[in-house]
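Have a look at the structure below before the remarks.
The values are calculated or read from the model by the stated rules, or taken from the named source; none is laboratory data. This is a predicted model, so every value here is computed, not measured. Positions of Cβ are backbone-derived with ideal geometry, glycine not excepted, and every protein chain shown enters the neighbour counts. The area values use the complete protein model at the heavy-atom level, side chains included, leaving out ligands, DNA and RNA. Shrake-Rupley method; radii C 1.70, N 1.55, O 1.52, S 1.80 Å.
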Amino acid sequence: MGNNLQQLYGNIDIYLFDQLLKGRFDSCTTVLDAGCGGGRNLVYFLNNGFEVYGIDQSAEAVEAVKQLSASLSPANPLDNFAVAPVEDLPFADAQFDVVICSAVLHFAQDAEHFDAMVRSLWRVLKPGGHFFARLASDIGIEDKVKPLGNFRYLLPDGSERFLVSEDVLMEYTDTLGGKLFEPLKTTNVQNLRCMTTWCMYKL
């Protein structure tokens, strides 16, 4: 059973898997994973006939995801994968039905960089499309993180991250013209760090 699940879904983010189980992307055809790494969140989409795209700043990661795509979905063009930063995506406006950005946005250097990344992701999403992001937040550990300036914090686990609050995420949702299709959900890892799932429709 375990091997079969790996073949079907790969090492997918469990919260993205939750959206698949809920049928959120059943009517979608084009998917972008921004910060795709080796493609751990793309196995299901490659196995099920989606037109799959990915970017990463690591050339090694992009080469790995190209190999994954070639093995699982030979018809999916390898040119769909590129080395690029999230804040400067090499794609047309309103190109994708689904935009995934998992465990990437908290590497923003400051508020301006975060804003540029989010707006770039939003630009390439079609009206009616689905935006899925997981990112570090201060939700639930507000009194346990040390501010370093520019929305960067020292976390109890010793890492330094750009952290958002619930207010920041809700303000962006409204400003961008989005609507949550899932309530914000935050996982607290023993008060060492918190990861929030942010899911929006583009109205």
Largest fluctuation, Cys36, Cys101, Cys28 only, Gaussian network model of the chain with Cα springs under 10 angstrom, belongs to Cys28
Longest principal axis of the chain (C-alpha) makes with the long axis of helix 111-123 (C-alpha) an angle, in degrees to the nearest 10, of 30 degrees
For the chain, the percent of accessible surface on carbon and sulfur atoms (probe 1.4 angstrom, ligands and nucleic acids excluded) is 50 percent
One finds the C-alpha centres of region 10-53 and region 165-203 to be spaced, in Å, by 19 Å
Env charge @ Leu42, Cβ radius under 13 Å, K,R +1 / D,E -1, value -2
Residues other than Phe81 with Cβ under 9 Å of its Cβ, Lys/Arg counted +1 and Asp/Glu -1, net out at -2
Taking only the alpha carbons of the chain, the radius of gyration and the largest Cα-Cα distance, Dmax, both in angstrom, are 16.6, 50
Note, Ser165: beta-carbon cut-off 9 Å, +1 each Lys/Arg, -1 each Asp/Glu, net -4
Regression test value, accessible area per residue of region 39-190, probe 1.4 Å, units Å², expected 46 Å²
For 130-137, 167-174, ranked highest to lowest by mean beta-carbon neighbours within 10 Å, the order is 130-137, 167-174
Descending packing, highest mean Cβ count within 10 Å first, for 14-24, 39-49 is 39-49, 14-24
